[in-house]
Amino acid sequence: MMSVICQSLDFGRYVLDHVACGCSSNTPLDRCAVRSYVKPCSKGRNTRHQTRTLICSRRNIGQCRVFSTTQPETVLNSNSQPFLELRKEPRTPISSTNLFEVVADDLQKLNQNLLSMVGEENPALVSAAQRIFGAGGKRMRPALVFLVSRATAGLVGLEELTVEHRRLAEIIEMIHTASLIHDDVLDDSDMRRGKETLHQLYGTRVAVLAGDFMFAQSSWCLANLENLEVIKLISQVIKDFASGEIKQASSLFDCEVELEEYLTKSYYKTASLIAASTKGAAIFSGVDRDTTEKMYEYGRNLGLSFQIVDDILDFTQSTKQLGKPAGSDLAKGNLTAPVIFALEREPRLKEIIETEFSEPGSLEEAIELVKSRGGIERAQELAKQKADLAIQNLQCLPEGVFRYALEDMVTFNLERID
C-alpha cells in the first residue's frame, strides 16, 4: 500500500492542513475527486486539530476513506500510532446532492434570486412562480453553468465567479422552467415531478402567460448582460424550442422517422439549452475559442445522452417513478430512440402504431415489442456513445473537483438506466 501526503489543501469552504491517502493506486492525489464529507471550518473557533473524513474517489477504483491531520510526522514515524485508517469501499451510485456539493453555495444563492427575478407586479404570476420554483428539481442546468464557470475560471486565473456567470445560471433556469410550463400545456400533462401541473391548478390561460412572462423576463435579463455572443447563443435556444415542438408535432405516429431526425429534435428540445449553458459559462470566463467550443460539445453530447435516457425510462420505469404515466410518449405518437430501433426489427410494431392504439391493449403490446426487440438495449448503447463523447470534450479542462463533477454528471445520467 502506498501513502500520499499533501499539505495545505484548500477545497473551497474546507481547508485541510494535511491529507493522506493510502489506497494502492499509483494515481496522484490531485487526480482524486475529494468529496466534502467534512465539517466546514468555523470562524472564531479552533478547529485545526479536528480529524475530518473525506471520500477520495479515484477514477475507476471505487472509493477509499481519507483522513486529514495537522501532524504529518505521525505518518512518517513508523513507531507511532498511525493516524490514517483506510478501507476500500464499493462504488455507490452518484446522487445529485453529492454531485452538486462543490457548487452548493452557488445554487443556494440562485434559489434565493429566482423569485426576485419574477417581480411582484402580478400576484397570479408570483403565486405560480412560487409553486414552480418550490417544486424541487435538481437544478442541473444552472449547476452545469457553475461547474463549467469554476473549471474554466482556473484556466485564466479568475478567483471568483463574475456577476455575469451567476446571472447566466438564473436566466438558464428561468428559460428551462418556462419551457416546461409550455410543454405541459402542449402535451396536456396532468403531473410534473409527481405534482399537478400549473395549467391543472390555474388553468391554461395563466399557465401560458406565466411561461410567456418567464421567457420575456429572461430575455430582458439576457440583454442586460451586454454580451452579443451570449445573447445570440441563448436567443437561438428559444428558437430551437419552437422548432423542436414543430418537428415533434409534424411527425406523430410516423413510423418512417429516422434516427437522425430524432436526434435533431432532441437537440432542439433538450441539448440546445444545455450546450448554451456550458458554452455561455466558458465565454464569461474568457477562455480561448477552442475550449469554449469543447464546452459547447460537452453540453450537446450530455444533453443528447440525457434525452435518450429519459426516453428509455419512459418504457422501463413505473408511473410512480416517472411522475407521469409510463409509455406516455408512445401513447401520444412521439416515437423515440427505443421505438425507432425496435421498428427496424418488428413489422408488427409499425402496424400497431399506425392504428394510433385504437384497439384495446394495443399500447401495452407495443411497449412489450419495444422491450423484446432490442429497442431498449440499442438506445442504451446510443446514450453511452454520446456520454463517451462528452467525457472526451472535458479533457481540455484542468483536473480538479469541478472537472470531476462534470464527468460524474455524465456517469450520473447513465446510472439512471443501470
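The GluC sites (Glu not before Pro) found in the stretch 172-258 that occupy coil by DSSP, while having at most 12 further C-beta atoms within 10 Å, are Glu226, Glu256, Glu258. For the stretch 249-400, the relative contact order works out to 31 percent when only alpha carbon pairs closer than 8 Å and six or more residues apart are counted.
Counting only protein heavy atoms and a 1.4 Å probe, tell me what percentage of the stretch 101-416's accessible area is made up of carbon and sulfur. Ligands and nucleic acids excluded, carbon and sulfur give 49 percent. Subtracting the Cα-Cα distance of Asp212 and Glu364 from 0.36 nm times their residue separation leaves 51.1 nm of extension gain. For the stretch 144-231, the calculated P(r) over all alpha carbon pairs, in 10 Å bins from 0 to the bin holding the longest distance, is 16, 36, 26, 17, 5 percent. Packing order of peptides 411-418, 330-337, highest average first: 330-337, 411-418 (average count of other Cβ atoms within 10 Å over each peptide's residues). The equivalent ellipsoid of the stretch 347-413 has semi-axes of 40, 11, 9 Å, largest first, where each one is the square root of 5 times an eigenvalue of the Cα gyration tensor. For the set Lys109/Lys138; Lys247/Lys332; Lys350/Lys371; Lys239/Lys269; Lys109/Lys279, the pairs lying more than 18 angstrom apart at their alpha carbons are Lys109/Lys279. With no solvent and one equal point scatterer per Cα, compute the Debye intensity ratio I(q)/I(0) for the stretch 101-416 at 0.10 Å⁻¹ and report its log10, rounded to two decimals. So the normalised log intensities work out to -0.58.
The fraction of Cα-Cα pairs per 5 angstrom bin, counted from 0 for the stretch 219-261, comes to 5, 19, 20, 15, 11, 10, 10, 8, 3, 0 percent, rounded to whole percents.
Taking 0.36 nm per residue of sequence separation and removing the Cα-Cα distance, the Glu354/Ser95 pair yields an extension gain of 89.2 nm.
Length, then width, then depth: along the principal axes, the Cα atoms of the stretch 329-370 run 24, 18, 16 Å.
Testing the spin-label approximation: label points 7 Å from Cα along Cα→Cβ at Ser243 and Cys221. State their distance in nm. Between Ser243 and Cys221, the label points sit 2.5 nm apart. For GluC sites (Glu not before Pro), the sites in the stretch 273-357 that DSSP calls loop and that have at most 15 other Cβ atoms within 10 Å are Glu344, Glu356.
Between Asp418 and Leu228, the FRET efficiency estimated from the beta carbon spacing at R0 = 41 angstrom works out to 0.45. Computed from the Cβ-Cβ distance with R0 of 30 Å, the FRET efficiency linking Phe253 to Thr316 stands at 0.85. Picking from Ala326, Thr197, Ile312, whose Cα lies most toward the positive end of the charge dipole for the stretch 101-416 (charges on Cβ: Lys, Arg +1; Asp, Glu -1)? Looking along the dipole axis, the top candidate is Thr197.
Using the Cβ-Cβ distance between Arg289 and Lys332 with R0 set to 35 Å, the FRET efficiency works out to roughly 0.25. Relative contact order, whole percent, for the stretch 101-416 stands at 20, derived from Cα pairs under 8 Å and 6 or more residues apart.
The values are calculated or read from the model by the stated rules, or taken from the named source; none is laboratory data. All figures in this text were calculated on a predicted structure; none of them were measured in a lab. Because the Cβ atoms are built from the backbone with ideal geometry, glycine has one as well, and the counts that use them run over all protein chains shown. Surface areas here come from the heavy atoms of the whole protein model, side chains and all, with no ligands, DNA or RNA. Shrake-Rupley method; radii C 1.70, N 1.55, O 1.52, S 1.80 Å.
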